[in-house]
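Taking it in order: structure first as structure tokens, then the write-up.
The values are calculated or read from the model by the stated rules, or taken from the named source; none is laboratory data. Here the structure is a predicted model, which is why all the values come from computation and not from measurement. Note that each Cβ is placed from the backbone with ideal geometry, even for glycine, and that neighbours are counted across all protein chains shown.
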Amino acid sequence: MKRKLEVFLLVVLVGMALAVLVMTTGPGKRTELSISQTHSPDSLLGKKETTVRNVTNDTVTYTIKWVDGSAKMQERSLKVGEIDRIMTSRPLEIIFKRVGRSASFELTAGSPYSFRYDENDLLQIYDGSHGRDDAVDLAPYVTTPMNVVEKMLEMAEVDKEDVIFDIGCGDGRIVITAARNFGAKGVGIDIDPRRIEESRAGALEAGVAHLVEFRLGDATKMDMTTATVVTMYLLPESNALLVPQLEKLRPGAYVVSHNYSIPGWEHKEVESADIADITGKNHSIFLYKK
Ligand SMILES: C[S@@+](CC[C@H](N)C(=O)[O-])C[C@H]1O[C@@H](n2cnc3c(N)ncnc32)[C@H](O)[C@@H]1O
């Protein structure tokens, strides 16, 4: 009897040892290993697409290097209008020539950027709003301070008869404020789905969802002819690009532009104003009448 028990215990122990061996070296573990072998280390770390668009009138040459020195420096060049797409999980440094000297800028993985000229006509890199090939990047997402929004609406004498279009509406604050304060109808257009979601949520919260509408898409391809007031906070070259659409507005329609004037519309300018935000920073507002 004792002998039988010893044999039984021996069988159980050998069985348990075999089970441990299978668990540590068996198919389960091998599968895990093969997953990490078939995926590159970068995809496991979550590579994201960083885009750089050339919005200048010349080919731009530049160098990119990884901030942590983990990969070799790369010389690159971008023709006018082209977009460079860099898959990376780590921050990058971009180095380019500015008035004969090297300028450098850190790029965040997964964000869009643009080469543009600054106010002195010098090459500079700016945040962008998207890296889509099929649409122009009119401006990065920066909001108009609320007191400037109110001044823009006051200058355009907005009332409940108006239909306001905001080109590149961001979080929708301009059309939402016009609806809440004056009962005006509004259409906000933005290419970034996150902005459209925020705008719709903002309109619901402000109780004006029945007065405003938010359209996702490229504003340069949208019809705005029903607008009585158009607002914009974009870059100077974007204002110039939108002139053909603004020319189609009905006579008497107002266009209010934050910070940048509209090239070629000097004769339509009726008023301009400067206003400080709560940090003391100055904002210019240009009012035009079609
Ligand atoms: C400077 S923000 C202005 C936001 C808002 N209008 C304000 O004044 O607070 C510019 C906006 O334009 C949007 N945008 C950029 N390119 C666009 C395009 N092609 N079509 C529509 N919207 C665009 C960006 O996503 C961004 O939200």
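Sort through 175, 230, 208, 187 and tell me the only one that's in a loop (DSSP other than H, G, I, E, B) and of a type in the set (A, V, I, L, M, F, W, C). Lay out the reasoning, then the answer.
Values: 175 fails: in a loop (DSSP other than H, G, I, E, B); 230 fails: in a loop (DSSP other than H, G, I, E, B); 187 fails: in a loop (DSSP other than H, G, I, E, B).
Among 175, 230, 208, 187, only 208 is in a loop (DSSP other than H, G, I, E, B) and of a type in the set (A, V, I, L, M, F, W, C).
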Test result for residue 226, touching a residue at least 40 places away in the same chain (Cβ under 8 Å), away from the ligand (no atom under 12 Å from the Cβ), in the same structural domain as residue 282 (by TED's automatic domain parsing) and hydroxyl-bearing (Ser, Thr, Tyr): yes
Candidate set: the stretch 233-258, residues that are assigned to a loop (DSSP other than H, G, I, E, B) and within 25 Å of the chain's Cα centre (by Cα); chosen: the one nearest to the ligand (Cβ to nearest atom): 233
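If you scan the stretch 141-158, which residues turn out to be within 24 Å of the chain's Cα centre (by Cα) and within 12 Å of residue 181 (Cα to Cα)? Reasoning before the result, please.
Here is the first cut: in the stretch 141-158, the ones within 24 Å of the chain's Cα centre (by Cα) are 141-149, 152.
Across the stretch 141-158, the qualifying residue is only 149.
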Breaking point among (1) more than 13 Å from the ligand (Cβ to nearest atom); (2) of a type outside the set (S, T, N, Q); (3) surrounded by 14 or more Cβ atoms within 10 Å (Cβ to Cβ), for residue 218: (1)
Some residue of the stretch 97-115 being in a strand (DSSP E or B), in contact with a His (Cβ under 7 Å, 6 or more places away or on another chain) and either aromatic (Phe, Trp, Tyr) or not assigned by TED's automatic domain parsing to the domain that holds residue 236 (or both): yes
